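A short reminder: the numbers here are calculations on the coordinates, not readings from a lab. Please read all numbers here as calculations on a predicted model, not as lab measurements. Cβ placement follows ideal geometry from the backbone for every residue including glycine, while neighbour counts extend to all protein chains displayed.
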Amino acid sequence: MKSWIAFWNILKKDVKNYYLKPPNISWGIIFPLSWTLMQLIRSPGGSILTLLPGLISMSVLFGTTSMLAVTITFERSGRSFERLMLAPISLSIMVLAKIAGTVLFGIFNAFVPVIFAAFFIDLRAVSWAVVIPAVLLIALTSALLGLLIAVSAEQVFEAQTFSNFFRFPMLFLCGLFIPLSDLPVFLRPISYCLPLTYGTDLLNGAITGANVLPPLLSFGLLLLFAAALFLISRHNINRKWIM
Amino acid sequence: MVKVTSLTKKYGDFTAVNDISFEIRKGEIFGFLGPNGAGKTSTINMMIGLSRPTAGEITVGGIDVKEQIKRARAIMGIVPDESNLYNEMDGFENLCFCAALYGMRKQEREAKARLLLERFGLKGAGKRPFKAYSKGMRRKLTIAAALIHSPQVLFLDEPTTGIDVESSRQIREMIMGLKRQGVTIFLTTHYIEEAERLCDRVAFIADGQIVASGTVPELMESVAHDHTIRFVTDRNAEDLASELVAELQAGFAGSKVEVRVDHSLVMVSERRIPLLPVMEFFHDRGINVYEARELRPSLEDVFVELTGIESSVLKKDKERGGRR
């Protein structure tokens, strides 16, 4: 119960202090909106439905990775993160609480292009039972990548630089712009090591029916990625921040 | 209440803390003094579980810090050398958030936050954002945050560094108040006079090793080789001329007497100086004595003698701390 009170209050504090701030809300809306418009202008004849999986993935990826990396690095530089480290709660609870806020922010980001698309196309054929857990798992794995970045960065600008270092190659290797079958053979193993590949494939399947891998396999692998990233992050925090 | 045994911390080849041991009794204020780089922060970080000891044991309230850090932290209050609350939140929210980290329920944490704001004279600033607080107010709220869960042991790292005189005084009074309530306090400070005034026992650390520890009188005794008494009389320096000084030295074998520029007369002896014969000596010569006081070494003198470090080094550290 005590851990739950701490968890809930860390999450509430993060949402209030960071995610509900006007610049972040506007980022959460404007960024996905800009991506959507960009794609529509680039290929006016293209179907919004085929663009949707990519737009959702990008919105979640960009929203979550940078937010968690930046907020943690910011709190560390102001030493307020030390307060959480000194609380009588387990490191796992603290990490989960920090991730939870970012995941919620990622989900919010994901549904901006969906709501936008709903004005233009019929979304009744979309399998929401797949989209919702897929978005959740993309947000979770992306947030954990953000946490990995936060552990390596000392300054906020470093966190932002590291985030881009991961994000942009991921976008081009996950099958979002170029189908995995069209990628050079030597790059494909890298693609299969990226959680976003499986998230995008799930969204493709749920929205356009064009998935390559069985959904259950993608879900399983995403869960595996999430667990591995969580354990690595926890280990890194233990090693780097508790010296 | 706190027991540190053979504690060592190494960073590669560098030994920051070298096999130190000490105990802090319940309800005691234990001062930990030393210049920057002496090993104070490394020690405190190991005690609160922010750093892993290379060797040694730490128990707080009988709980092994290495093995059961969560349980140990539940009875610890920690005030770092820099205020680490949330700038975006107001004073009341900060205290409530800190209480929540200890699993306190909403009603309980709000009541405790109000009580502490009042006790620290911050009631009127409770709704003001932390970033708008003065340095002294920030410090007081940080201490209040450490007390939100009524800890048994309080770690205070440089609590009065860089803040105004009035806030420092209030914080010192608060520390004494906590001691009266039975809270055990581990205090690190650059201010030797603060340690002298507040601490029951003190340890000096230099180059990662404890060079001396004990009660303030014990430490003073350890360097007080001579007994010195200062007399203030109704005569000036010229009247207490060399003839009188020679007579006094002859009358009290083994003592050295000198007249100071402030017209006082100082008598130094290896043995304790009996006051009555000295007073009679003055009385017989029609000299009135207004004050006779034994001069003891200050804790600063003890620090300099035992560590070989000039107290100016501490003062420079203190100034650097104040400018941070």
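Scanning residues 5 or more positions from B:I78 or on other chains, those with amide H under 5 Å from its amide H are B:F155, with H placed 1.01 Å from N in the peptide plane. For the options B:L178, B:L115, B:L154, a Gaussian network treatment of chain B with springs between C-alpha atoms closer than 10 Å singles out B:L115 as fluctuating the most.
Counting, for every residue in B:43-50, the Cβ atoms of other protein chains within 10 Å of its Cβ and taking the mean gives 2.
Using C-alpha pairs under 8 Å with a sequence gap of at least 6, the mean separation divided by the residue count of region B:225-295 gives a relative contact order of 50 percent. On full extension, the segment bounded by B:R285 and B:Q68 gains 70.9 nm, given 0.36 nm per residue less the C-alpha separation. Using C-alpha pairs under 8 Å with a sequence gap of at least 6, the mean separation divided by the residue count of chain A gives a relative contact order of 25 percent.
For region A:104-164 versus region B:20-77, the inter-centroid distance based on Cα atoms is 42 Å. By the combined test of axial Cα extent (at least 30 Å) and Kyte-Doolittle hydropathy (mean at least -0.5), the qualifying DSSP H helices of chain A come to A:48-77, A:91-118, A:128-152, A:215-241. Working from Cα pairs under 8 Å separated by at least six residues, relative contact order for chain B is 20 percent. Pairs of Lys residues in region A:2-241 are counted when their Cα atoms are under 16 angstrom apart and they lie 8 or more places apart or on different chains; the count is 6. For the peptides A:146-152, A:21-27, the ranking by mean Cβ contacts within 10 Å, running from highest to lowest, is A:146-152, A:21-27. By the helix-only formula, in which each DSSP H run with n ≥ 4 contributes -39500 (n - 2.57) and the sum is divided by residues, chain A has a 222 nm mean residue ellipticity of -26000 deg cm²/dmol. By the count of neighbouring beta-carbon atoms within 10 Å, fewest first, B:D81, B:D301 end up ordered B:D301, B:D81. Each residue in A:I10, B:I229 was given a count of other beta-carbon atoms within 10 angstrom of its own, and listing them fewest first yields B:I229, A:I10.
The residues A:T65, A:T71, when put in order of fewest to most other Cβ atoms within 10 Å, stand as A:T71, A:T65. Take each residue in A:84-92, count the other chain C-beta atoms within 10 Å of its C-beta, and the mean is 6. For the segment B:95-107, counting C-beta atoms of other chains within 10 Å of every residue's C-beta and taking the mean gives 5. What FRET efficiency, computed as 1/(1 + (r/R0)^6) with R0 = 45 Å and r the Cβ-Cβ distance, is obtained for A:V15 and B:V211, rounded to the nearest 0.05? Plugging the Cβ-Cβ distance into 1/(1 + (r/R0)^6) gives 0.35.
Bridging of B:K40 to lysines at a Cα separation below 20 Å is possible for B:K3, B:K9, B:K10, B:K66, B:K315, B:K316, B:K318, once same-chain residues fewer than 8 apart are set aside.
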